[in-house]
Amino acid sequence: MSRSAGCGSDLSILELRGVAARYGEIRALHDVTLAVAEGDFVAILGANGAGKTTTLRAVSGTVKTTGDVLLDGSKVFRRTPEGMARRGVAHVPEGRGTFSALSVLDNLRLGAWVQRGVSQRDLAHVFEFFPRLYERREQQAGTLSGGEQQMLALGRAMMAKPRVLLLDEPSLGLAPLVVREIFGALRLMNESGMTIVVVEQNASLALRAAKHAYVLETGRVVLGGVASDLQANESVRRSYLGY
Amino acid sequence: MANFVQQVVSGLASGGIYGSLALALVLIHRSTGVLNFAQGELATLSAFICWTLMDHGWGFWTAFGVTIVLSFVGGAAIQQVIIRPIQDGPVLGVVILTIGLLIAVNGLMTWIWGGAARQFDGPFSTEPITVGGVAFSKQDIGVIAVSLVSVLLIGLLFARTKLGLGLRAAAVNPVEARLTAVRVPAMLAVGWGLAAVLGAVAGVLAAPSLFLEPNMMRTVLLYAFAAAVLGGMDSPIGAVIGGLVLGVLLNLVGTYVEWVGGELRLAVALAVILGVLIVRPSGLFGRAAVRRV
């Protein structure tokens, strides 16, 4: 995939053009322009408050924005969370995003809400990825460990067979071993054709998994490119990624 | 002993009615945090509709079926037209709106049908059947059966169907539900519709013994509140069991504790509410509020 990150191309499955957003008086996004190609694995990096989470929320329609969000090159008007989910955008928000009062199976069934029915093959596929979810399928999601809940959130997203998966801080609060497992699963999902956009505080982790990356600073894209290039560039690492 | 069993069964009959109405309250409360004070008047309105249809010569069960459908549509419409515009505001505002709805529906019924009590001929005769030397009223058995079947059907809808899954998801976590493409506003409307259906069942079952008039369900609503608090405001199964327990308890206390009699039953119900709130605020089956991290 040889395209310069930062400018849209005809191949873009998802594109943001000049997106701005505010929470009341506080502007969270000033001007975010980025493009995600089909099959890409994009990391969005940046410090706390840089606007990473808001960028995802802008796409899924959970925050009011100005500017354009394009899917497959055409602008999506009046975005709502349920509408974007129907268009194949799965958003797993920070904090696992599971229904803690419902069972693991019910959570997975909800993932397939946009599908006509719950396919047993899809369920089996999720359980192959995350065998521990199978063991705990009748348990309430709230009783799972943090890592298991993140797996459940991913499993639920898989059930929706999304074209684009938006993930917010999947590593947050998890043990390193569990984080490795989660990112291993993400890589497999990406290899099977799912486009993934992940927001991460842990830049080195995300850059190792992703193909492309964008760096946000105070609500603007300040840098974008091939993940391995960003990782190799020491001055970039120093000034933007802090490691 | 025979008298005791009789009193228990007749308590279960009242309890089935309290439980149905309590379940209606819980369905709305757990999805929106709102106590619907109009639930009783809406149930009475359903009973009036059923009565009117029967008055036009319809058989009971046909009239009942049509009433159920109309109640569902009416409940959903009320949510969409009256509640939805302010549902994102403070919960208290919505609660006050339901009190307004109570007064409005009550006035509407008085305007259309007048305030006089009417006889409502239910599907079950009041004659007794004798089982093992104990005489039960057919009406009590019928009321228990119909209320439990309705509650069971609603339970199956929630537990076993895709719609039920969406209703539960929208109730426990509306933000997340929207991200999985569940249409939360539609689910809230369906929830109000189902609550109205349960209310209709309670109203129609109560009408033969209470006589039909605009204030018919007012005390029943208080019993339903007591049942819901007893079972746990957020537990559907708790509401039903709370209703049955309360029905039996009130009947036994009214029969065996001389100084309570019929008049102080309402006070017993209030004592139950107070007792539960002090000893176990989450109710028998409720969970303490889960904090999300």
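The values are calculated or read from the model by the stated rules, or taken from the named source; none is laboratory data. Keep in mind it's a predicted model, so treat the numbers as computed, not measured. Cβ atoms come from the backbone with ideal geometry, glycine included; neighbour counts cover every protein chain shown. Just so you know, the surface numbers come from the protein's heavy atoms only, side chains and all, with ligands and any DNA or RNA stripped out. Shrake-Rupley method; radii C 1.70, N 1.55, O 1.52, S 1.80 Å.
Listed values, structure above:
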item	result
Some residue of the stretch B:182-197 being farther than 19 Å from B:A43 by Cβ and not in a helix (DSSP H, G or I)	yes
The one condition in (1) surrounded by fewer than 19 Cβ atoms within 10 Å (Cβ to Cβ); (2) in a helix (DSSP H, G or I); (3) of a type in the set (K, R) that A:R137 fails to fulfil	(2)
Every residue from the stretch A:84-105 that is open to solvent by 20 Å² or more (accessible area, probe 1.4 Å) and either more than 18 Å from B:A169 (Cβ to Cβ) or not aliphatic (A, V, I, L, M) (or both)	A:R86, A:R87, A:P93, A:E94, A:G95, A:R96, A:S100, A:S103
Residue pairs meeting the criteria (Cβ under 7 Å; at least 6 apart or on separate chains; first farther than 10 Å from B:A116 by Cβ, in the stretch B:210-223; second aromatic (F, W, Y) and open to solvent by 10 Å² or more (accessible area, probe 1.4 Å))	B:V220/B:Y18; B:Y223/B:Y18
Conditions (1) within 14 Å of chain A (Cβ to nearest Cβ); (2) touching a residue at least 60 places away in the same chain (Cβ under 8 Å); (3) open to solvent by 50 Å² or more (accessible area, probe 1.4 Å): number failed by B:L148	(1)
Condition met for B:L156 (without any contact (Cβ under 8 Å) to a residue 12 or more places away in the chain and surrounded by fewer than 15 Cβ atoms within 10 Å (Cβ to Cβ))	yes
Identity of the residue in the stretch B:169-186, free of Cβ contacts under 8 Å to residues at least 12 places away in the same chain and open to solvent by less than 40 Å² (accessible area, probe 1.4 Å), that ends up farthest from the other protein chains (Cβ to nearest Cβ)	B:A177
Where a residue in the stretch A:9-31 is over 14 Å from A:T65 (Cβ atoms) and its partner, wherever it lies, is at pLDDT below 90, with Cβ under 6 Å and at least six apart	A:S9/A:R3
B:A207 being over 20 Å from B:A104 (Cβ atoms), more than 13 Å from the chain's Cα centre (by Cα) and crowded, with 24+ Cβ neighbours inside 10 Å	yes
Test: residue in the stretch B:100-123 that is in contact with a strand residue (DSSP E or B) (Cβ under 6 Å, 6 or more places away or on another chain), open to solvent by 50 Å² or more (accessible area, probe 1.4 Å) and not hydroxyl-bearing (S, T, Y)	yes
Criterion violated by B:N215 - all others in (1) farther than 15 Å from B:V34 by Cα; (2) open to solvent by 10 Å² or more (accessible area, probe 1.4 Å); (3) assigned to a helix (DSSP H, G or I) satisfied	(3)
Helices (runs of 4 or more DSSP H) lying entirely in the stretch A:26-128 (those with 3 or more residues that are more than 11 Å from chain B (Cβ to nearest Cβ) and more than 23 Å from A:F183 (Cα to Cα))	none
Residue in the stretch B:30-51 that is under 18 Å from B:F225 (Cβ atoms), basic (K, R) and in contact (Cβ under 8 Å) with a residue 40 or more places away in the chain present	yes
Exclusive hit being exposed (fewer than 15 other Cβ atoms within 10 Å of the Cβ) and touching a Phe, Trp or Tyr at 6+ places or on another chain (Cβ under 7 Å), set A:S204, A:S228	A:S204
Test: residue in the stretch A:139-160 that is farther than 17 Å from A:F99 by Cβ, at pLDDT 90 or above and within 15 Å of the chain's Cα centre (by Cα)	no
Test: residue in the stretch A:36-44 that is among the aromatic types (F, W, Y) and over 18 Å from the mean Cα position of the chain (by Cα)	no
Number of the condition not met by B:D88 [criteria: (1) part of a helix (DSSP H, G or I); (2) loosely packed, with under 13 Cβ neighbours inside 10 Å]	(1)
Subset of the stretch B:238-293 (residues that are within 14 Å of chain A (Cβ to nearest Cβ) and either at pLDDT 90 or above or touching a helix residue (DSSP H, G or I) at 6+ places or on another chain (Cβ under 7 Å) (or both))	B:F285, B:G286, B:V290
Selection within the stretch B:24-57 - under 28 Å from B:P90 (Cβ atoms) and open to solvent by 10 Å² or more (accessible area, probe 1.4 Å)	B:L27, B:H29, B:R30, B:S31, B:T32, B:G33, B:L35, B:F37, B:L42, B:L45
